[in-house]
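S.K.: Pasting in a structure now, in structure tokens, and then I'll have a few things to ask.
The values are calculated or read from the model by the stated rules, or taken from the named source; none is laboratory data. All values derive from a computational prediction rather than experimental measurement. Quick reminder, even Gly has a Cβ in these numbers, built from the backbone with ideal geometry, and neighbours come from all protein chains shown.
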């Protein structure tokens, strides 16, 4: 079972999210593809010691997500510097970018629940109660 995040982890994660999102939104990135992409940072998970930040993101319709992740990863030193400049933390976290597959998982579950076989099984269960 996953350990619940502390208030400090949540607060620092939101601040890291804000700094990175602001930089991308303002176009303070080296890659033209990243500057032109519609990127949503869905979550930032901080390690308990606040030394690592995992940034989860998605793009509009998942377009060019692999390319965007590659380019953000190549520029993670720049984001680390921005975080160090804007947030006064004891340690500047190492930043890792990951695709947020939450929406894909929701879609997969939705497809399963709408499958005729599953609906039939659910109807049987309701009739038995």
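S.K.: Which is modelled with pLDDT of 90 or more and touching a strand residue (DSSP E or B) at 6+ places or on another chain (Cβ under 9 Å), of 82, 72?
M.R.: Exactly one of 82, 72 is modelled with pLDDT of 90 or more and touching a strand residue (DSSP E or B) at 6+ places or on another chain (Cβ under 9 Å), namely 72.
S.K.: Something else about it: Of the residues in region 43-83, how many are more than 17 Å from residue 15 (Cβ to Cβ) and under 14 Å from the mean Cα position of the chain (by Cα)?
M.R.: Number satisfying all stated conditions: 10.
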